1. Taking the conditions exactly as written (assigned to a loop (DSSP other than H, G, I, E, B) and at pLDDT below 95), does Asp73 satisfy them or not?
2. Restricting the search to the range 32-66, which residues are open to solvent by less than 20 Å² (accessible area, probe 1.4 Å), under 11 Å from the mean Cα position of the chain (by Cα) and in contact (Cβ under 8 Å) with a residue 40 or more places away in the chain?
3. Within the range 3-26, take every residue that is over 20 Å from Asp73 (Cβ atoms) and free of Cβ contacts under 8 Å to residues at least 12 places away in the same chain and give me the one that is most open to solvent (accessible area, probe 1.4 Å).
Amino acid sequence: MSYEKVAQAKSDIIIGTKQTLKAMKNGEVVEVITADDADQSMTLKVAKLAQQLNIPHTRVPSMEELGNACGIDVGAATVAIKQ
């Protein structure tokens with residue numbers, strides 16, 4: 001499950017849509033995870049760029065659980081795992 005993957009990679013993650021998009025464009029990302037209950041206008045940008053750059057993209061149901069997996073007290077719409 002992706003929540004566990006994020007929790008294991010805690011020191012090598014990028015949280016947030018803007019930071020994820022920037023890191024993807026810089027070639028620093030090996031996988032992106034987006035939450036289904038996040039604002040679709042934000043997550044769609046990440047999903048499209050991931051497809052263009054052939055970066056694996058995983059969807060999870062909950063922003064809150066994704067944030068918890070990252071070790072933060074708020075929900076996370078988008079998380080990237082760095083190389």
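The values are calculated or read from the model by the stated rules, or taken from the named source; none is laboratory data. Keep in mind the model is a prediction, meaning the values are calculated, not measured. Reconstructed Cβ throughout: ideal geometry from the backbone, glycine too, with neighbour counts over all protein chains shown. Note: accessible area is taken over every heavy atom of the protein model, side chains too, but ligands, DNA and RNA are not part of it. Shrake-Rupley method; radii C 1.70, N 1.55, O 1.52, S 1.80 Å.
1. Taking the combined requirement at face value, the residue satisfies it.
2. Those that are open to solvent by less than 20 Å² (accessible area, probe 1.4 Å), under 11 Å from the mean Cα position of the chain (by Cα) and in contact (Cβ under 8 Å) with a residue 40 or more places away in the chain: Val32, Ile33, Thr34, Ala35, Val60, Leu66.
3. The selected residue is Lys22.
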